[in-house]
Amino acid sequence: MLRLFSSLVSCPGCRQRPAGPAGICAGCLPLLFSLVDRPGLLALGRFEGPLKGVVTALKFSSASRLADPLGAELASQIRRRGWRPLVVTPVPLHPRRAAERGYNQAGLLAASCARQLGIPCLPLLERRRDTRQQARLPTVQRPGNSTGAFSVAAAAPKVLPRRVLLVDDVLTTGHTLLACRRVLLAAGCEQVYSAAVAVASPRRPQPHQEGEEATGLRVRT
């Protein structure tokens, strides 16, 4: 059962001041976002500082209400970009991980964003096999970690929407979003927009991966 993060003692961004109504203190909220804007990818900031604390609390501490301000900011930036998705869909968790955690943080973000945009949030994808965390893998193993891991969900419409917004919490290498995007395009989507709350800086310079240039899903600094 999902536990609501309703009695915060301190802000997860600074861990010093009391949290406000949105779960973030008034001092951290205006400093939370530093837009990462690249072709084919929208992210609200780097996975560091206050934003890292907020995303970590959402992901591992059942801080569900933090999805509301993050999803609202995603929707605001999507409007500014002129993207016109018809549906929002999250990057799926493997059923085992979803059962352990009790929720999918990307699903919470996607639902919040969809409410702000006034469009449906649908689970168009499913994860067919569990994958290891990309950040913990050597560079050479990361592309294969997501290959074949995703498919169209059994509950998805027979005809997929033409324009889909794909949402994740943290983008590490881009391989997960790229794998999901390929599945959606192969199933009939014409346009797949990619959005994440945060982009993790790589531990070391990453060699160019084939296919990432065309979609903008590169995370090199």
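The values are calculated or read from the model by the stated rules, or taken from the named source; none is laboratory data. Keep in mind that this is a model prediction, so the values were computed, not measured. No Cβ is skipped: glycine too gets one built from the backbone with ideal geometry, and neighbour counts run over all protein chains shown.
Evaluate the following for L44: is it under 27 Å from R163 (Cα atoms), touching a strand residue (DSSP E or B) at 6+ places or on another chain (Cβ under 9 Å) and part of a helix (DSSP H, G or I)? No.
Take the conditions farther than 26 Å from P123 by Cβ, surrounded by fewer than 18 Cβ atoms within 10 Å (Cβ to Cβ) and at pLDDT below 90 and apply them to S10. Does it pass? Against the criterion (farther than 26 Å from P123 by Cβ, surrounded by fewer than 18 Cβ atoms within 10 Å (Cβ to Cβ) and at pLDDT below 90), S10 qualifies.
Condition check for A179 on (1) in contact with a strand residue (DSSP E or B) (Cβ under 7 Å, 6 or more places away or on another chain); (2) modelled with pLDDT of 95 or more: one failure, at (2). Residues of region 23-56 that are surrounded by 17 or more Cβ atoms within 10 Å (Cβ to Cβ) and over 15 Å from the mean Cα position of the chain (by Cα): G23, I24, C25, C28, L29, L32, P50, G53.
Kindly check whether there is at least one residue in region 93-110 that is under 30 Å from P157 (Cα atoms), of a type in the set (F, W, Y) and under 16 Å from the mean Cα position of the chain (by Cα). Yes; the residues of region 93-110 include at least one that is under 30 Å from P157 (Cα atoms), of a type in the set (F, W, Y) and under 16 Å from the mean Cα position of the chain (by Cα). What residue, of A110, A67, is touching a helix residue (DSSP H, G or I) at 6+ places or on another chain (Cβ under 7 Å), of a type in the set (A, V, I, L, M, F, W, C), at pLDDT 80 or above and under 25 Å from L35 (Cβ atoms)? None of the other options fit; the residue is A67.
Taking the criterion of being in contact with a strand residue (DSSP E or B) (Cβ under 8 Å, 6 or more places away or on another chain) and outside any loop (DSSP other than H, G, I, E, B), the residues of region 92-107 that qualify are P95, Q105, A106, G107.
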